[in-house]
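Engineer: The structure that follows is given in the form of structure tokens.
The values are calculated or read from the model by the stated rules, or taken from the named source; none is laboratory data. Bear in mind that the values here come from a model prediction, so they are computed numbers and not experimental data. For neighbour counting, all protein chains shown are included, and Cβ atoms are generated from backbone atoms with ideal geometry for every residue, glycine included.
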Amino acid sequence: MILAILSALAEPTRLQAVLLLADGSEHCVCELMKKLDASQSRMSRHMQALKQAGLVIDRRDAQWVRYRLNPDMPGEITDVVDAVLAAAQTKERAAA
């Protein structure tokens, strides 16, 4: 299971999407597309990979889909995700 999580987070666009979702709120796929400069089909594929890994859940809202981090992730998975996100944020700050 951890390998699937790490594999999903290894792709830069997916990692950036999870970083955006880490604020704890729901985000529309249209917002993720804009912030990550991705087409709708590309963003949907990335979000599907995150959903299959159990990292995100979705909710349909009219023509859009809203995503948030999965609040029911097991503790050990949450720890792995938190560590990856902390490392990514540290790398971003160092690059800025």
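Engineer: Anything in the range 11-26 that is of a type outside the set (A, V, I, L, M, F, W, C) and closer than 23 Å to T90 by Cα? List them, or say none. Steps first, please.
Structural biologist: Of all residues in the range 11-26, those of a type outside the set (A, V, I, L, M, F, W, C) come to 11-14, 16, 23-26.
Residues satisfying the conditions are E11, P12, T13, R14, Q16, D23, G24, S25.
Engineer: Here's a follow-up. So, in the range 13-36, exactly how many residues are in contact with a helix residue (DSSP H, G or I) (Cβ under 9 Å, 6 or more places away or on another chain) and of a type outside the set (A, V, I, L, M, F, W, C)?
Structural biologist: At the first step, the residues of the range 13-36 found to be in contact with a helix residue (DSSP H, G or I) (Cβ under 9 Å, 6 or more places away or on another chain) are 13-22, 27, 29-33, 35-36.
Among the residues that remain, those that are also of a type outside the set (A, V, I, L, M, F, W, C) are: 13-14, 16, 27, 31, 35.
Within the range 13-36, residues that are in contact with a helix residue (DSSP H, G or I) (Cβ under 9 Å, 6 or more places away or on another chain) and of a type outside the set (A, V, I, L, M, F, W, C) number 6.
This table checks each residue for (1) within 24 Å of T90 (Cβ to Cβ); (2) more than 11 Å from the chain's Cα centre (by Cα); (3) modelled with pLDDT of 95 or more; (4) aromatic (F, W, Y).
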| residue | (1), (2), (3), (4) |
| --- | --- |
| L9 | yes, no, yes, no |
| C30 | no, yes, no, no |
| K34 | no, yes, yes, no |
| R66 | no, yes, yes, no |
